[in-house]
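In what follows, a structure is listed as structure tokens, so that the remarks can point back to it.
The values are calculated or read from the model by the stated rules, or taken from the named source; none is laboratory data. Computed from a prediction, not measured in an experiment: that's the story for all the values here. Ideal geometry is used to build each Cβ from the backbone, glycine not excepted, and the neighbour counts take in all protein chains shown. Remember, those area values only see protein heavy atoms, side chains included, never the ligands or the DNA or RNA. Shrake-Rupley method; radii C 1.70, N 1.55, O 1.52, S 1.80 Å.
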Amino acid sequence: MSNDYRLYPLGDSGIVVSFGDEINFGIHKRIQQFTEVLEQSLCKGMIEYVPAFTTVTIYYDPWIMSEKGRRNPYTAISIYIEELLFHQEEKSEAVARQIDIPVCYGGKYGPDLERVAAFHSLTPDEVISIHTNGEYLVYMIGFAPGFPYLGGMSEKIATPRKESPRNSIPKGSVGIAGMQTGVYPIETPGGWQLIGRTPLTLFNPEKDSPSLLQAGDRIRFVSISETEYEAQKEVDEDEY
């Protein structure tokens, strides 16, 4: 692996591995490769790791990592990470999962669709067409459990956040904020422009893998009718 990375501490029990300062596919791929190796080589004292757009943060137990006070814990975790990075072999790119997310656009499910269309002098159907014709990469999961940060949305429908956030947004809502589009997996406050809603459950804490989506997944949005939405929602709720 390239040595184009930087390590720095996060408090007294965390270390950050930074692979750059730009959101792009190259850095995303390096993070995916590193976390794959990290998962296969977990060391004693490591608690968890959190991948993001350009970094991977690793949390550890300082006492265990220091071998009960025999060495500096940050030095120990740094050496461990350096060895993983040094010995990591370039791997062929894993085949990404392709996931279709059905969305009922507009109306009560997407109350801001017409606002987004007017902002760009488009019709609602044109916004839907642009949104469903893109392929989106899940860069990371964050903000709320199961919330996907997606890359790949067309600038033709990029729209600023709402000036006043809503106090509550229904789970499954699909929104736009600047150049980002995403899906709210749980009910939460938020300021994104809501253009539709999916009947799929994106987060279920009772499952072994609670988040339906994972970093590296490829997403397509598929337009469905209100009737199809209600039917798929009923099926999805029965499965859970």
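Some observations on this one:
- Each residue in region 97-106 was checked for being out of contact with any Pro (no Cβ under 8 Å at 6 or more places or on another chain) and either in a loop (DSSP other than H, G, I, E, B) or among the charged types (D, E, K, R) (or both), and 2 of them qualify.
- When we screen Val174, Val183 for residues that are within 24 Å of Gln32 (Cβ to Cβ) and either in contact with a Gly (Cβ under 8 Å, 6 or more places away or on another chain) or open to solvent by 10 Å² or more (accessible area, probe 1.4 Å) (or both), the only hit is Val183.
- Answer residue from region 107-132, given it is part of a loop (DSSP other than H, G, I, E, B) and free of Cβ contacts under 8 Å to residues at least 12 places away in the same chain and is surrounded by the most Cβ atoms within 10 Å (Cβ to Cβ) among those: Thr123
- Looking only at region 157-191, residues that are among the hydrophobic types (A, V, I, L, M, F, W, C) and not in a strand (DSSP E or B) come to 4 in all.
- From the list Ile47, Ile64, Ile58, the lone residue that is of a type in the set (A, V, I, L, M), at pLDDT 90 or above, over 27 Å from Gly175 (Cα atoms) and over 23 Å from the mean Cα position of the chain (by Cα) is Ile64.
- So Ala76, is it assigned to a helix (DSSP H, G or I), modelled with pLDDT of 85 or more and under 30 Å from Pro165 (Cα atoms): no
- Number of residues in region 148-165 that are without any contact (Cβ under 8 Å) to a residue 40 or more places away in the chain and either under 19 Å from the mean Cα position of the chain (by Cα) or open to solvent by less than 60 Å² (accessible area, probe 1.4 Å) (or both): the value is 5.
- Filter result for Gln193 (more than 28 Å from Glu155 (Cβ to Cβ) and either more than 16 Å from the chain's Cα centre (by Cα) or in contact (Cβ under 8 Å) with a residue 60 or more places away in the chain (or both)): no
- Tally of residues being free of Cβ contacts under 8 Å to residues at least 24 places away in the same chain, surrounded by fewer than 12 Cβ atoms within 10 Å (Cβ to Cβ) and closer than 20 Å to Leu150 by Cβ across region 11-32: 1
- Residue list for region 53-68, restricted to those being farther than 26 Å from Val138 by Cα and assigned to a strand (DSSP E or B): Tyr60
- Residue in region 225-233 that is at pLDDT 95 or above, in contact with a His (Cβ under 9 Å, 6 or more places away or on another chain), of a type in the set (Ser, Thr, Tyr) and open to solvent by 20 Å² or more (accessible area, probe 1.4 Å) present: no
Each row is one residue, and each column tells you yes or no for (1) closer than 17 Å to Leu84 by Cβ; (2) open to solvent by 50 Å² or more (accessible area, probe 1.4 Å).
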residue	(1), (2)
Asp4	yes, yes
Pro9	no, yes
Phe34	yes, no
Ile47	yes, yes
Val56	yes, no
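- Region 133-147, residues that are of a type outside the set (Gly, Ala, Ser), out of contact with any Lys or Arg (no Cβ under 8 Å at 6 or more places or on another chain) and either within 18 Å of Ile195 (Cβ to Cβ) or surrounded by fewer than 17 Cβ atoms within 10 Å (Cβ to Cβ) (or both): Asn133, Phe143, Pro145, Phe147
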